[in-house]
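To start, the structure itself, in structure tokens.
Read-outs throughout are calculated quantities, based only on the coordinates presented, and are distinct from any laboratory measurement. As the structure is a prediction and not an experimental result, all values here were calculated from the model. For neighbour counting, all protein chains shown are included, and Cβ atoms are generated from backbone atoms with ideal geometry for every residue, glycine included.
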């Protein structure tokens, strides 16, 4: 089926996710050429000043705005037009975070897919799959640098997340693992991703669905990279996903506009810069759809069964492709012992690379170290 794409025509600069003396400031180049068979329409992805202000003396929503990175997300201002009002904030950030992105129609749904490099890239194709409750935005720096190194990179927002479609449960999509696998297959066909390719997976829930998809499609993958994901039966389930499964409380939890950025910061030693927090917050701030999509996926998933299948499926007797574990050692959700346990049971085809200074999302915390590890492995 023909793809309808909306391609960003501008580049943006990003500060590193930490403020550390002597560390570089990123400047990301424009995306590579788009595939010629797709229709494209220019889309601005401007970087605007965040204009953050200190929190007011009294804030009835302080329970979600006491973090420096999320101030002004939800505040009651004396004047509705002041910075910090939800409507004004949406206007200010609505075009952020779409670098290298296109809207791609696949079957009944429209996916938001980031792409760098080109089909003629000499070193092959890499597909990046994010975890919940985040989005493909986390891979933007890694993708940019790897395309410069000769790779063709794709990173979709899963259905229900980021800028992709968020269908209401019961109307063509019910957020089950099986449906995610089926729709991912259709997307890969539309994108004309040739096998075998390199697969990079990170995170919980939909990240785990990426790994179970890999187990069902091993012939399509040449090498697998796992970044901080639940891969053993001893992997703990973060409190967020436990709360989402509690009746009524889950419905309340999923509508927290700063849910994603708080989850990222909860698994990392760093606080997100405001311009990055804006992007992770935007889907949850703009509508209730992403929160309810996350809620439905979390309620439908059997975490114990999924981790059991992942732990056994990548054993040497059933999986023979090289695996790199790139693990942020400061992850507060999944400690390095999880990766070490996995490698111990798969010593022949698993290489472990501990990433010092990074937390649950090493691609966001320290992308250049992730790039170095991937270039060495791939």
Contour excess over end-to-end distance, with Cα ends at residue 377 and residue 216 and 0.36 nm allotted per residue: 55.7 nm
Set of segment 149-189 residues, backbone N closer than 17 Å to the point 7 Å along the Cα-Cβ line of residue 302: 175-181
Shape call, segment 180-302: gyration tensor on alpha carbons, a/c limit 1.5: prolate
Extended-chain gain in nm, criterion 0.36 nm per residue less alpha-carbon gap, residue 245 and residue 119: 41.2 nm
